[in-house]
Amino acid sequence: MAVAKHVPTRTCIATRVKKPKGEMVRLVRLPDPQDPKKYIVIVDASGKARGRGANLDSKVDAFDLAVQKKAIENALKLERKLELDEVTKLRNDFLQLIEEREFRQGKKPVFLKVSKEELDRKLNS
């Protein structure tokens, strides 16, 4: 009899939806390398970066709602508002991570189907 493996769940800071950890996007607050008294916010692709984290549903609407509600600043306990260029960079990184996850879901290998004739033709040319 197989035992069901525990799947950790996380709550989105914008929509309050609970989902498995792997389906969420994590934002992390890290010390700024130039000024250790300040913090920067990054999108954590691995989900394992050290630092205070906050989870968002992997939808653009959730990110936009979090910015509108100032949920990112509150969840990461930032003592300042995020600037426009920081929000733009975070949004671009967020969108890029979502595209990568949709392209290659999980850690499944990617296979390309090529006919033997086409492969021989490419190798000989």
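The residues listed here are Lys37, Lys18; of these, the one that is surrounded by 12 or more Cβ atoms within 10 Å (Cβ to Cβ) and without any contact (Cβ under 8 Å) to a residue 12 or more places away in the chain is Lys18. Go through the residues of region 92-115 one by one and say whether even a single one is surrounded by fewer than 16 Cβ atoms within 10 Å (Cβ to Cβ), modelled with pLDDT of 95 or more and either acidic (Asp, Glu) or farther than 23 Å from Gly22 by Cα (or both). No, region 92-115 contains no residue that is surrounded by fewer than 16 Cβ atoms within 10 Å (Cβ to Cβ), modelled with pLDDT of 95 or more and either acidic (Asp, Glu) or farther than 23 Å from Gly22 by Cα (or both). Consider region 31-46 and keep the residues that are assigned to a strand (DSSP E or B) and of a type in the set (A, V, I, L, M, F, W, C). The one that is farthest from the chain's Cα centre (by Cα) is Ile40. Restricting region 11-30 to residues that are more than 10 Å from the chain's Cα centre (by Cα) and not hydrophobic (A, V, I, L, M, F, W, C), the residue that is nearest to Glu73 (Cα to Cα) is Arg29.
Checking each residue in region 52-62 for being surrounded by 15 or more Cβ atoms within 10 Å (Cβ to Cβ), of a type in the set (D, E, K, R) and not in a strand (DSSP E or B) picks out only Lys59. Screening the candidates Ala14, Ala2, Ala49 for the property of being at pLDDT below 95, assigned to a loop (DSSP other than H, G, I, E, B) and closer than 24 Å to Glu102 by Cβ yields one hit, Ala49.
The values are calculated or read from the model by the stated rules, or taken from the named source; none is laboratory data. Everything numeric in this text was worked out from a predicted model, so none of it was measured. Glycine gets a Cβ as well: all are built from the backbone with ideal geometry, and neighbour counts include every protein chain shown.
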